[in-house]
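The block underneath contains the structure these notes are about, expressed in structure tokens.
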Amino acid sequence: MRITHLRRPGRLVAITAAAVTAGLLLAGCTTTASTSGSGSTAASADAFKAVVLTDGPKNDQSWSNSVFDGLSEIDKSVNVKTDFVGPLSTPDEYVQQGSAYASQGYKMILITNGAQTASAIQLAKSFPDVTVCQGPISPTEAEIAAFPSNFCAWNLKQQDGTFLAGVLAGLVTKTNKVASVAGGEFPAVIRQPEGFILGARCVNPDVTIDTKYINSFSDVAAAQAAAQTQVSAGADVILSAVDGAVKGLYSAAEGAPQTTYVIPSYFDSYERAPKVVLTSVLYNLNGITADLIQRAAQGKITAKEYIPYTYANLKVGELADFHDRTDVVTADIQSKLEAIEAKLRSGDIVVPDEKGADAPLSVEGAGSTIDPASIGC
Amino acid sequence: MTIAAITVLLVITVQMAAPLLWVTLGEIISERSGVLNIGAEGTMLLGAWATATAISFGASPLVACLAGIGVGAIVGLVMSVLYIWRRVDQIVGGIMVNLFALGFTTAMWAVLQGTAVGVNAPTLTVPLLSDIPFIGTALFSQNATVYLAILAAPAVFALIRRTRWGLRLRAAGEQPSALDSAGVSVRRVRTSGLITGTCLAGLGGACLVVTSASGGFVANMTAGTGFIALGVVILARWNPLVALLTTVVFGLLKALQFQAQSFGPLSDVPNDVWLAVPYIVAIVAVAAARSTRFAPTVGVPWSRH
């Protein structure tokens, strides 16, 4: 008997396996969910159809989860059919999914990823009858002028929320050292830790910040490692500027030798890590999602419109409940926090934008150099 | 750099190395048997998902880790049927496993998730030894999955070099025809090697969940660890003890990223450079290791005719 190594693979089986896997991938990688904005009854055949494309799954207890929840908050009187697609990562995935939905008669593509402007513009140019909204971004006047007429940009003033979180951190810290673990170095992320330290310095001139960028929003091991480094340097309050990777911050705080707190974003995450969550920063992304789709369905989005969301128009930037942290967040601290928040809401304190301001918060280190008195502290 | 900073650097190093070491050991066993498991990343991710799901339904870290190992075994069984018995191309199959795992785990975590609050595995501190300066905390104040990873390296070495199963495993990878002539089923030996390897990859995912993620799951949370393991296996020349050292070096390089960002003059170097260092080192090291080649039968389906 001649013994050989068979180099010819079972191509038929390989092709079959590839086809099955590809099918499962399409069904699984980009989880889709449909909702109807017309109450308990199914949306009628002439419903306005909108699709949301985002970078995370619908249950990440973070950014994308909040976006998904917004689909069920659309005004019941608006006849809307919506779909949610995520997680998407690369520009071609956004273009591919957006094109597929636009070809099926969807009239709005809402992209909730600040890094996908080029993809959104490409979609807007390819489907001129479809409203394409993308954010969070803060375009310049020149950039807005260059947008296709069916394109809209949206933004949210996250730094107001992290500013308040910073005020709390500045009052709670025992070491005068706070920290932030951030996913990526671009304006929509940089503004978060910069607003955080500015808020902390507003009430505590001695506080400093250690910000680490891990170049990922989901790498829990990297997030944990970054936070452990910060904790070892004395940080006792850590702001999360990542998504799912916040679990790495919980791990670091739970294992820290000194009492250490984490401030996650987008959701009240107390139940996820009750030992270490101090509070959470809420941005009402669900409300923003619902509002954008309603506006599009009602024809209220104008050509090249830039829609900034703030606390004033949609309660962007609040702190969640302190739950049983009243021993840490004492009545005195709450009183000081409320006083600062009142000045922020009244406009006596103005947290700079990430672009356009004299000292924009998109510059790393801006929050540590701006004079708090200059913004109304 | 202070003593405290060096101590935490070493703690992070070991934490970073442990999941990588589990996957690397699994890949060594698999490749020693003659099967190239490109799907290590996907297997690890599936193990992480199973572990986190079990924890979310209230399972203890131990039971959850067993769930991760169990899913690894199932993946290994499926791969065995495809690679060893149906002779599917192992490169294509591995890529498919990785793609499938990313989509499957993301979708399943969305629809199947309990409400229990996740926690890390408890830290087991060894008295006195954990007080040793610099290395004490790193080596003697970790959880069980980290300790076992370190102990597993010599164990796997002994398993491959000192047992009859190990001898057959190596023969299946290097001289399958000789093994077959001796009356031993090459396919069965390769199947046992592949399944053992995927169990360890699943445990690598479990280790990540109970060490760094507070018992939770995040889409794509393995972040390429399984792919790095493929390179580490080559650098370690399929030797588990060298793999232990190699993974520690990679752990150190990854840990240094975060120290460097706030360490004096090093902080002026762009963050992206530090984040890329481990991967640059991996590419250079693999390219420089000219004498390391796969055995000619690795990745090649075997048949007696």
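The values are calculated or read from the model by the stated rules, or taken from the named source; none is laboratory data. Predicted, not measured: the structure shown is a model, and the values here were computed from it. Note that we place each Cβ from the backbone using ideal geometry, even for glycine, and neighbour counts take in every protein chain shown. Remember, those area values only see protein heavy atoms, side chains included, never the ligands or the DNA or RNA. Shrake-Rupley method; radii C 1.70, N 1.55, O 1.52, S 1.80 Å.
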- Message: Anything in region B:56-67 that is assigned to a helix (DSSP H, G or I), open to solvent by 10 Å² or more (accessible area, probe 1.4 Å) and of a type in the set (A, V, I, L, M, F, W, C)? List them, or say none.
- Response: B:L62, B:V63, B:C65, B:L66, B:A67
- Item | Condition met for A:S99 (over 21 Å from A:Q294 (Cα atoms) and in a helix (DSSP H, G or I)) | yes
- Item | Residue satisfying all of: in region A:219-257; touching a residue at least 60 places away in the same chain (Cβ under 8 Å) and among the acidic types (D, E); farthest from the other protein chains (Cβ to nearest Cβ) among these | A:D236
- Hey, among the residues in region B:21-45 that are open to solvent by 10 Å² or more (accessible area, probe 1.4 Å) and part of a helix (DSSP H, G or I), which one's farthest from the other protein chains (Cβ to nearest Cβ)? B:R32
- Message: Please return the ranges of helices (runs of 4 or more DSSP H) entirely within region B:68-162 where 1 or more residues are touching a helix residue (DSSP H, G or I) at 6+ places or on another chain (Cβ under 9 Å), more than 14 Å from chain A (Cβ to nearest Cβ) and open to solvent by less than 50 Å² (accessible area, probe 1.4 Å).
- Response: B:144-162
- Query: If you check A:E364 against the conditions, is it touching a strand residue (DSSP E or B) at 6+ places or on another chain (Cβ under 8 Å), farther than 30 Å from A:S72 by Cα and not in a helix (DSSP H, G or I)?
  - Reply: yes
- Note on the structure: Of the residues in region B:261-271, those that are at the interface with chain A (Cβ under 10 Å from one of its Cβ atoms) and either assigned to a helix (DSSP H, G or I) or under 29 Å from the mean Cα position of the chain (by Cα) (or both) come to B:Q261, B:N271
- Task: Would you check if B:W274 is within 11 Å of chain A (Cβ to nearest Cβ) and not charged (D, E, K, R)?
- Result: yes
- Considering region A:293-319, residues that are within 16 Å of the chain's Cα centre (by Cα) and open to solvent by less than 50 Å² (accessible area, probe 1.4 Å), and then whichever is nearest to B:A213 (Cα to Cα), we arrive at A:L319
- Could you list all residues from region A:119-177 that are assigned to a helix (DSSP H, G or I) and among the basic types (K, R)? A:K125
- Message: Quick check on my filter: what residues within region A:194-218 are open to solvent by less than 20 Å² (accessible area, probe 1.4 Å) and either on the phi > 0 side of the Ramachandran plot or within 11 Å of chain B (Cβ to nearest Cβ) (or both)?
- Response: A:K212, A:Y213, A:I214
- Identity of the residue in region A:336-346, within 17 Å of A:Q158 (Cα to Cα) and open to solvent by less than 40 Å² (accessible area, probe 1.4 Å), that ends up farthest from the chain's Cα centre (by Cα): A:I340
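Look through A:I333, A:I288, A:I238 and report the one residue that is open to solvent by less than 30 Å² (accessible area, probe 1.4 Å) and assigned to a strand (DSSP E or B). Can you show your working first?
Values: A:I333 fails: assigned to a strand (DSSP E or B); A:I288 fails: assigned to a strand (DSSP E or B).
Just a single option satisfies the conditions, and that option is A:I238.
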- Query: Among A:V351, A:V262, which is assigned to a strand (DSSP E or B), assigned by TED's automatic domain parsing to the domain that holds A:G166 and of a type outside the set (F, W, Y)?
  - Reply: A:V262
- more than 28 Å from B:V184 (Cα to Cα) and not in a loop (DSSP other than H, G, I, E, B) - does that describe any residue in region B:287-300? yes
